[in-house]
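See below for the structure under consideration.
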Amino acid sequence: MSEMLHAKKVAKGFTLHTQGSVTIPVFEGVEFRLNAGECIALTGESGSGKSTFMRMLYANYTCSSGSISVLHDGDWLDITTASPHAILDMRKRTMGYVSQFLRVIPRVPTLEIVAEPLIALGTARETAMEKARDLLTRLRIPERLWQLSPLTFSGGEQQRVNIARGFIADYPIMLLDEPTASLDTQNRATVLALIEEAKARGAAIAGIFHDHETRDAVCTGSFDVTSFKVGAND
Amino acid sequence: MEQTVNNPAQASSAYNFAYLDEQTKRMIRRALLKAVAIPGYQVPFAGREMPMPYGWGTGGVQVTAAVIGPDDTLKVIDQGADDTTNAVSIRQFFAKTANVATTEKTAKASIIQTRHRIPEKELREDQILVYQVPIPEPLRFLEPRETETRKMHALEEYGLMHVKLYEDISRHGHIATTYAYPVMVNDRYVMDPSPTPKFDNPKMDMMAALQLFGAGREKRIYALPPYTKVKSLDFEDHPFEVQSWKDECGMCGATDSYLDEVILDDKGNRMFVCSDTDYCSERQDAGHRGPQHHDQPLGTSHSNGKAAE
Amino acid sequence: MTRSNEPLLRVSDLTMMYGDRVGCRNVSFELRPGEVLGIVGESGSGKSTLLRSISAQQEPTKGTVEYHTRIDGIRDVYQMSEAQRRLLMRTDWAFVHQNARDGLRMNVSAGANIGERLMAVGDRHYGNIRNAAENWLGKVEIATERLDDLPSTFSGGMQQRLQIARNLVTSPRLVFMDEPTGGLDVSVQARLLDLLRGLVHDLNLAVIIVTHDLAVARLLSHRLMVMQRGEVIESGLTDQVLDDPQHAYTQLLVSSILQN
C-alpha cells in the first residue's frame, strides 16, 4: 500500500505568553504513517491531544519541531515548512477535513456550502450541485432546508452538512474529527458507508471516533497518541 | 442709428491708455501668448482690481485692455445685445480711457467683448472675440479641489466631465446642459466656453477669429487661436445637439438665430426675438419681417431677458 | 479557479517614517492573483499606513512596491509616471474605504458613481454605461430602481455595496480594503462579507484587507499579517495564526477578541 502521509519526530508544545509565558509540552517524537486505502483511528483518552494532532496534520496547528509530509501532486510536501499557498493548495486538492464545528459565512445556502469544495476544484457548477443534492439526500437533510443557511440548523443537521461538504470531493487524504458524534443510528450508518466508499476508492483516512462500534466498523488500524505525550514514557 | 462713433477728446489723460498701466498689460499679454500657445489651457494671471465689481466683466475688460490699440473699433455685447447696462458701460469705459472707436455692428468691429453670446454673423481673421468668464474650470462642478483639477487637466483625466453629462441624461432623458457646455479643445484640453448657450458652441469650432477668455475673479486666461478644433463633449448614443425653436424671430423672421423669449403681457402672450440685436436690425434693414413686426422699427431694448438657459 | 504562482504584488522592505516616528517598518510580502491577505492589529499599529504606502497613496521612506501590470509586466509603482500610476489606480486597482462617503461621489446618482470609472477609461456610450451600472447594482444586491438615486438616500450598508460596485466595474485585479465592514450593523456586516467573498471568488480578486475584526479576517482572508508598533510580528495561514498563535501579542489579540 502506498504511503500518503508521514510524520517524523514531531513535537508540539504551546507557549502561553498571556499566562506568564508558561510552556505546555504536548507531544514529542511522534512517528505516524498513513497509507492509501486504510482508515486509522487516532485514540487516547479525552484531553490526550487527538484533535491537536489531527489539527497538526491539517497544518491548522504548527509543529514545534519535526516534519509532516503529505503526498501532494506526486511530490512530498512538508507542511511544517511549506508556504501558505502550498498548504492552501494541498487542502484544496489533496486533504479533506471534517471538523466538529461548522464555520460558514451567514446567509450562504446549504447547497452552496456543500458544493463549494468541488466547484473550487474546477468541477462544473451543475455537476457539483447535483452531487451536493445526492449527498444531502443520503444524509437526510430535508430538501426544504437546502436553500437556507445551515447556521439555523440543529447541531446534528449542521454536523451532517459538514460531512457532506467534507465528502463531496474525492480527496486522496481525509481527516475526520468525530464525524458521527451527534448522529442517530441511520445517519451514522450513512457516514460509515461514506467512509467505506472513500476507503474503497483508495483514500487514506485518519479519524477520531468517540465510540468503539464505529471505530471497529471502519478502521483498519489505530494510533494511540497517548504514547507520545510528553512524559508518557517517564 | 449711428454705426461708428468716435468719442473725441473724452479720453482722460489722468488714465493710461485703456486704463491699465503698461506693465500690467505686458503681464496679461504674456499670459495671452501662453494661452494661445496651449489652446484651452487655463493660464493664471495677476488680475487687477478694476473700477467695476466682479461679475461685471473684469476679466474680459483686462484682456481687452491688453490687446486694444488706438486704431481698433470695439463692440461690446451682453446676451447678444449692445444696449444693456453692462455692454454700454464697458463700451463707454474704453471710449473714455482709450479713446477708441466703438460700434454696434459686428462686421465693423475689430474687437468684440462679449458676455454669454457669440454674434450670429461669421467672424473674420482680423477680429478678436473676448469672452467674460465667471467660472473658468469646467471640472469644478464635481471636483472642488483646485490641486486635483489641475492634475486632471495635466493628465487628461476627463471622465468626470462625462459623469456630469451622464447625470443630465439620466435625469432628463437628454443632455440638459444648455449653456457653459463643455468642449474638448484641439483634442487635448477640456474647456468651459463661458456661459454662452450651447447654440454657439459650433461657432467656436474652426473660427477664423482669435478667441480670448478672461476670468477676473478667478484670475485665469485661456484662448482659442484661429482655426482651432473645438468639439462639444457627448455620448455616441446621445450626440451633441444645439437648441432649436419652433418659432421664428418676431421682428426679422430669422429661423437660424438664437431667440430670446419675451413675455408681452400678463395674459401669457409672448414673442421670440433674436438675442443678437445687430443681426436682427440688419435683417430688418434689409427688409426681412417677422410676424410681430407691424412694420414698426423696433428699438433694441427687448433683449434684456435671459436666454432660454 | 487556478491560482497563478506568479506574484501580482511584491512588497519589499517597506518602511514609512514620520520623522523619528515609525509608521511601519521592514514589511515584505508577496500577493498572488486571487489571494486575500488580511492585515490585523489594533489601532495605531501601522495597518493603515502600510495600506496607504502599498496602494501608491503615500510614498514610503524606504522599500519598493512592485506590481505585475497587464501590459508592461512588473513595475515599481513609485517609479511609474504619475499618469501611469493614476491610470493603474482607477482601472486595475480598487479601493474600498471604511467610510463609503470617502469613496463615493455623494452629489451624483448611483449609476453615475458606477459609470465614472468606465467613462474615465474612455467609454462614451451612455446606454452601455448605464447597462453596466445596472448590472453591477444587481450584483451588489441593490434594487435597480435605485439607479438614478443619490447615494445620500442609501443606507450605510447600501452605500458600502455601491462603493464596491463603483470600484469593481473596471474588473480590477487588486482590491485594497480599509475596514470595509467597520461601522456597519452586524446583520449588514454579514451580508457584506458574503457578498465580498462571492465577488473575490468569482472574479479571482487579489485583496489586501485591513481590519481589526478577527472574525472578518478569518472569513475573508487566506493569509494574515499581524502588526504591532509598525512591524509585522507574525504572519501565515489565517487559521494557523488565529488558532495557534505564536507571538505574545497575537495571543493577546486572539484571546481578547475571539470569543466564539
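The values are calculated or read from the model by the stated rules, or taken from the named source; none is laboratory data. Because the structure is predicted, anything quoted here is derived from the model rather than measured. Here the Cβ positions follow ideal geometry from the backbone for every residue, glycine too, while neighbour counts run over all protein chains shown. Side chains included, ligands, DNA and RNA excluded: accessible areas come from the protein's heavy atoms. Shrake-Rupley method; radii C 1.70, N 1.55, O 1.52, S 1.80 Å.
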Restricting to the range B:69-95, and then to whatever is touching a residue at least 40 places away in the same chain (Cβ under 8 Å) and out of contact with any Ser or Thr (no Cβ under 9 Å at 6 or more places or on another chain), can you tell me which residue is surrounded by the fewest Cβ atoms within 10 Å (Cβ to Cβ)?
B:Pro70
If I go through the range A:139-153 residue by residue, how many of them are in a loop (DSSP other than H, G, I, E, B) and among the polar types (S, T, N, Q)?
2
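Return yes when B:Ile112 is buried (at least 21 other Cβ atoms within 10 Å of the Cβ), part of a loop (DSSP other than H, G, I, E, B), among the β-branched types (Val, Ile, Thr) and in contact (Cβ under 8 Å) with a residue 24 or more places away in the chain and no when it is not. Outline the logic, then answer.
Details: buried (at least 21 other Cβ atoms within 10 Å of the Cβ): yes; part of a loop (DSSP other than H, G, I, E, B): no; among the β-branched types (Val, Ile, Thr): yes; in contact (Cβ under 8 Å) with a residue 24 or more places away in the chain: yes.
No; evaluated as a whole, the condition is false for this residue.
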Would you call A:Lys50 more than 30 Å from A:Glu197 (Cβ to Cβ) and either open to solvent by less than 20 Å² (accessible area, probe 1.4 Å) or more than 14 Å from chain C (Cβ to nearest Cβ) (or both)?
no
Close pairs from the range B:132-148: first away from every other protein chain (no Cβ under 13 Å), partner of a type in the set (D, E, K, R), Cβ under 6 Å, at least 6 apart:
B:Gln132/B:Arg115; B:Pro136/B:Asp192; B:Pro136/B:Glu218; B:Pro136/B:Arg220; B:Pro138/B:Asp192
Has the range B:272-283 got any residue that is under 24 Å from B:Tyr131 (Cβ atoms) and exposed (fewer than 15 other Cβ atoms within 10 Å of the Cβ)?
no
Kindly list the number of the only condition in (1) within 20 Å of C:Val241 (Cβ to Cβ); (2) among the acidic types (Asp, Glu); (3) open to solvent by less than 50 Å² (accessible area, probe 1.4 Å) that fails for C:Glu116.
(1)
Checking the structure you have, find out if any residue of the range A:4-20 is within 14 Å of chain C (Cβ to nearest Cβ), open to solvent by 40 Å² or more (accessible area, probe 1.4 Å), outside any strand (DSSP E or B) and touching a Leu at 6+ places or on another chain (Cβ under 7 Å).
yes
Being open to solvent by less than 20 Å² (accessible area, probe 1.4 Å), facing chain A (nearest Cβ under 8 Å) and under 15 Å from the mean Cα position of the chain (by Cα) is true for just one of C:Leu199, C:Leu174, C:Leu193, C:Leu205. Which residue is that?
C:Leu193
When you look at C:Met158, is it open to solvent by 30 Å² or more (accessible area, probe 1.4 Å) and of a type in the set (A, V, I, L, M, F, W, C), yes or no?
yes
May I ask you to verify whether A:Arg144 is surrounded by fewer than 23 Cβ atoms within 10 Å (Cβ to Cβ) and either among the charged types (D, E, K, R) or under 30 Å from A:Phe32 (Cα atoms) (or both)?
yes
Which residue is modelled with the lowest pLDDT, if the candidates are limited to the range A:151-197 and must be open to solvent by 20 Å² or more (accessible area, probe 1.4 Å) and among the β-branched types (Val, Ile, Thr)?
A:Thr152
Give me a count of the residues in the range C:208-252 that are under 22 Å from the mean Cα position of the chain (by Cα) and part of a helix (DSSP H, G or I).
11
Restricting to strands (runs of 3 or more DSSP E) lying wholly in the range A:56-103: which have 1 or more residues that are under 30 Å from A:Ser182 (Cβ atoms)?
A:65-72, A:95-98
Looking only at the range A:169-179, decide whether some residue is free of Cβ contacts under 8 Å to residues at least 60 places away in the same chain, among the aliphatic types (A, V, I, L, M) and not in a helix (DSSP H, G or I).
no
Quick check on this structure: which one of C:Gly34, C:Gly63, C:Gly38, C:Gly44 is away from chain B (no Cβ under 14 Å), outside any helix (DSSP H, G or I) and within 18 Å of C:Asn167 (Cα to Cα)?
C:Gly34
Could you tell me whether any residue of the range A:64-75 is open to solvent by less than 40 Å² (accessible area, probe 1.4 Å) and within 14 Å of another protein chain (Cβ to nearest Cβ)?
yes
Qualifying positions in the range B:33-60 - open to solvent by less than 10 Å² (accessible area, probe 1.4 Å), in contact with a strand residue (DSSP E or B) (Cβ under 7 Å, 6 or more places away or on another chain) and in a helix (DSSP H, G or I):
B:Ala35, B:Gly59, B:Gly60
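Any chance the range C:17-25 includes a residue that's within 12 Å of another protein chain (Cβ to nearest Cβ) and either among the charged types (D, E, K, R) or open to solvent by less than 20 Å² (accessible area, probe 1.4 Å) (or both)?
no
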Test set (1) within 21 Å of A:Ala36 (Cβ to Cβ); (2) more than 9 Å from chain C (Cβ to nearest Cβ) - A:Asp89 fails condition number
(2)
For the range A:93-104, state whether one or more residues are closer than 25 Å to C:Leu195 by Cα, touching a helix residue (DSSP H, G or I) at 6+ places or on another chain (Cβ under 7 Å) and facing chain C (nearest Cβ under 9 Å).
yes
When every residue in the range C:223-233 that is of a type outside the set (A, V, I, L, M) and crowded, with 22+ Cβ neighbours inside 10 Å is compared, the one nearest to the other protein chains (Cβ to nearest Cβ) is C:Arg223
Residues of the range A:24-82 satisfying the condition of being in contact (Cβ under 8 Å) with a residue 40 or more places away in the chain, among the charged types (D, E, K, R) and out of contact with any Lys or Arg (no Cβ under 9 Å at 6 or more places or on another chain)
A:Glu45, A:Lys50
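Considering B:Ile118, B:Ile169, B:Ile175, which residue is within 13 Å of chain C (Cβ to nearest Cβ), open to solvent by less than 10 Å² (accessible area, probe 1.4 Å) and touching a residue at least 60 places away in the same chain (Cβ under 8 Å)?
B:Ile169
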In this structure, is B:Ser232 buried (at least 18 other Cβ atoms within 10 Å of the Cβ) and of a type in the set (Ser, Thr, Tyr)?
yes
Residue selected from the range C:81-102 under the condition small (Gly, Ala, Ser) and surrounded by fewer than 21 Cβ atoms within 10 Å (Cβ to Cβ), by the criterion nearest to the other protein chains (Cβ to nearest Cβ)
C:Ala83
Residues that are in a helix (DSSP H, G or I), within 14 Å of another protein chain (Cβ to nearest Cβ) and over 16 Å from C:Pro172 (Cα atoms), drawn from the range C:114-141:
C:Tyr126, C:Gly127, C:Asn128, C:Ile129, C:Arg130, C:Asn131, C:Glu134, C:Leu137
